[in-house]
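Colleague: Quick one: the structure is below, questions incoming.
Quick note: the coordinates plus some simple rules give every number you see, no bench work behind them. Model, not experiment: these values are computed from the prediction. Cβ coordinates were reconstructed from backbone atoms using ideal geometry, including for glycine residues, and neighbour counts include every protein chain displayed.
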Amino acid sequence: MNESLSESFDGTRFPGHLEIIKLERCDSTNNYIKSSMDRWVDTGRLPVMVTSGLQTCGRGREQRHWESPPGMGLYTSFGFTWQLNQSPHLLPLAAGLSVIETVERISGIRPGLKWPNDVLVNGKKLAGILIENVIAESRLFCITGIGINVNQESADDFPPEIRIRAISIKMAARDGKGEDFQLEPVNRVLAHVFMGWLDKLKQGKTKEIIGITREASAFLINREITFHQPADNRLVRGIFKGINDDGALILETGNGSNTIYYSGEII
Ligand code: BTN
């Protein structure tokens, strides 16, 4: 089923429209966009949001699997073009902030952000984001895939390997009890909020994005972390010192000196 969204909450129009494609199932909403991207560019269908009731082959960062059973979570990807003269380096942060704002609007709970874009409540992972960039015909296309744990009632509803470090909106907001959250409204809020942040990013509102990212990740300041550097597959231990003006992570290592990381993952 397809529909189109062109207005934000406050009634202002998006710069374009957002086409929403709803699938009952697919292998991965990121894959679905990737395989259709060429066609959609030609027919001017971007930006697009694809959401699926379940994923048979949901993908996480660093080649991990993202368990995607029906009714439990939100499996949604956005596909859009990006001007090559604009750096997409703040996109992961803006995507993370979109999820934080969505969860807060839906449940009243404001999660924290573990740089660059893991969304946490009580130190446990509530949502993950997989961003993939494709260059075609000298244009850059971004696919931002968002998975949010919504209706799991307890740790037992997660796969054993992530059980102790995963949480859902229902567990955080309702102690895992009572009514399930309807997924449709969560998706609609996410669509509005994500398009709003994307717009800010395109308008170069860098300071606002960095400022809110700093607030959302303040809980980690001065805590010892292990950082995975994908470039050389190395683990580095250090003290998290915050986010610099470029949105990069500042890690205090060994002798009190700071190292700046532009990509990687806090373990
Ligand atoms: C992570 O490893 O934290 C990122 C998880 C991203 C999962 C989402 S679910 C929707 C989209 N489709 C996928 O296959 N992955 C992303």
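Colleague: Counting only GluC sites (Glu not before Pro) that sit in a DSSP loop (anything but H, G, I, E, B) with at most 10 other Cβ atoms within 10 Å, what is the longest stretch of the chain containing none of them?
Modeller: Result for the longest clean stretch: 25-136.
Colleague: OK, next. A 18 angstrom limit on the alpha carbon distance is what I want to check against. Which of 114/241; 124/170; 125/205 exceed it?
Modeller: Values: 114/241 13 Å; 124/170 13 Å; 125/205 28 Å.
Over 18 Å Cα-Cα: 125/205.
Colleague: Once fully extended, how much extra length lies between residue 252 and residue 215, figured as 0.36 nm per residue of separation less the alpha-carbon to alpha-carbon distance?
Modeller: 11.4 nm
Colleague: Continuing with the same structure: With the radius of gyration and the Kirkwood radius both derived from the Cα set of segment 32-98, what is their ratio Rg to Rh?
Modeller: Result: Rg/Rh = 1.00.
Colleague: Suppose R0 equals 51 Å. What FRET efficiency, 1/(1 + (r/R0)^6) with r the Cβ-Cβ distance, do residue 38 and residue 179 give to the nearest 0.05? Can you show the working numbers first?
Modeller: Numbers: r = 42 Å, r/R0 = 0.82.
E between residue 38 and residue 179, to the nearest 0.05, is 0.75.
Colleague: If packing is taken as the average number of other Cβ atoms within 10 Å across a peptide's residues, how do 142-149, 168-175 rank, most packed first?
Modeller: 142-149, 168-175
Colleague: Is it possible to state the helix-based mean residue ellipticity at 222 nm for the chain, with each DSSP H run of 4+ residues giving -39500 (n - 2.57), the sum divided by total residues, to the nearest 500 deg cm²/dmol? What is it?
Modeller: -8000 deg cm²/dmol
Colleague: While we're on this one: When N counts the residues of the chain, how does its alpha-carbon radius of gyration compare numerically with 2.2 N^0.38 Å, as a ratio?
Modeller: The value comes to 0.98.
Colleague: Here's something else I'd like to know. Give, as a single signed number, the net charge of other residues whose beta carbon lies under 12 Å from the beta carbon of residue 83, with Lys and Arg counted +1 and Asp and Glu -1.
Modeller: Around residue 83, the charge tally is +2.
Colleague: Taking a ≥ b ≥ c as the square roots of the eigenvalues of the Cα gyration tensor of segment 116-237, is the shape rounded (a/c under 1.5), prolate (a/b larger than b/c) or oblate?
Modeller: It is oblate, given that a/c is not under 1.5 and a/b is not larger than b/c.
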